[in-house]
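Inspection log for the structure reproduced underneath, given as C-alpha cells.
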Amino acid sequence: MKEEFNNSSADRIEGLLARLETVPEGKAVVDFIRANKVDIQLKKDPANWAASTLTITGIKDGLYSYKDPVIILKKSLTDDNLLQAIVHESQHLKQHLSGVGNPDRILSEKEYILFYRASEADAQALCTHVTWKLKEAGDAGPWEAAKFVGYGDICDAYEKAVTDGADDAKALRAAFDAWFDNPARLAGYNKSTAESMIPFLKKGREEVFKGHGLTENPLDSTWVDKLDKAAYQPYLLTPASRDLLTDEHFSRETQTRPPEKKKAAANVNRRPDIPGAA
C-alpha cells in the first residue's frame, strides 16, 4: 500500500495539475481541487479505473453535507488518460459540493436514470471543453485520450460547434447533448443505474428517506438551474437549446439494457468501466 502513495505518485499528480493550469479552464479545475482539499490517489488495482467519492455527514430537507472528497485513479493509466479523468471526476465532486450530486427528492426509476445521465453528460462536457482548450494550447494528448476511451462522438460534436462559430457555452451544450446520442451509452448507464441505484431507491423508500425529509416529486426547473450553476460556466440554458425535462432525446429508452459482453483483453489506455464504451 505504501508504494501506491509514494513521492513519485504525488509528483506525477502535481505534474498533471501543472499541465491543467496552463489554460484558464484547467486552472479553474485545479483551483477547485486545491480549495476543497481533494485527495487524488493512484492505486494499482481499484474497483474502477476512475472514480470519485465523498463521505455524507448529514442530510436535512434534501440538502446533503459531505467531507473527504477523493478521486481514485488506476495507476497504470497513461498521463493523458489520468488528466482527462481528473477533470471528469472533479466535476462529479463539484456537483455534490454544489448541492446537485444527489437527488433532493424521491424519484421514479425513469427520472433517476435521467438524473444520473445528466450528471455524466455534464462531467464529460467539462472534460471535452478543458481538453479542447489544452489542445488549442498545444497539449493534444488528453483530447485524444478522451476520444479513445469512448467519447469520440462527443469530441466531434464539440469541435463541429466550435468550427461553426459557437461560443464556449454553445460548444459545451453541443457536447452535453451529444452524450445522449449513443444508444449503447444510454443502455449502459441504464444498466449501471438500475443495478446500483434502484435497489438503493427501493430500500430508501422503505427505511430511510422519510427520516431525511425527502418526498416523492418529479424533477423540475430548479434541478436544471442548480446543475447549470454547478458548471464551471453556465451553459445548460443557452437560447434555443433543448429542454432537459421535456425533450425525449434525454429521457428515451430508459428500459433498454445492453447485452452481456465477453471480457476483452486489458488495455491500459481504455476504461472498460464506462457504460456503453466499445
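The values are calculated or read from the model by the stated rules, or taken from the named source; none is laboratory data. Keep in mind the model is a prediction, meaning the values are calculated, not measured. All Cβ positions, even for glycine, are placed from backbone atoms using ideal geometry, and neighbour counts span all protein chains on display.
Tabulated data for the structure shown
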| item | result |
| --- | --- |
| From R185, R173, residue being at pLDDT below 95 and of a type in the set (D, E, K, R) | R185 |
| Residue tally, condition part of a helix (DSSP H, G or I), touching a residue at least 24 places away in the same chain (Cβ under 8 Å) and buried (at least 18 other Cβ atoms within 10 Å of the Cβ), over the stretch 171-188 | 12 |
| Any chance V130 is modelled with pLDDT of 95 or more, buried (at least 24 other Cβ atoms within 10 Å of the Cβ), of a type in the set (A, V, I, L, M, F, W, C) and in contact with an Asp or Glu (Cβ under 8 Å, 6 or more places away or on another chain) | yes |
| Number of the condition not met by K67 [criteria: (1) in a strand (DSSP E or B); (2) in contact (Cβ under 8 Å) with a residue 60 or more places away in the chain] | (2) |
| Condition check for N48: at pLDDT below 90 and either among the polar types (S, T, N, Q) or farther than 23 Å from L134 by Cα (or both) | yes |
| Yes/no for A47 being assigned to a loop (DSSP other than H, G, I, E, B) and surrounded by fewer than 22 Cβ atoms within 10 Å (Cβ to Cβ) | yes |
| Residues satisfying the stated conditions in the stretch 18-45, i.e. touching a residue at least 60 places away in the same chain (Cβ under 8 Å), in contact with a helix residue (DSSP H, G or I) (Cβ under 8 Å, 6 or more places away or on another chain) and closer than 17 Å to V130 by Cβ | R19, L20, T22, V23, P24, E25, G26, V29, F32 |
| Some residue of the stretch 80-100 being among the β-branched types (V, I, T) and closer than 21 Å to I59 by Cα | yes |
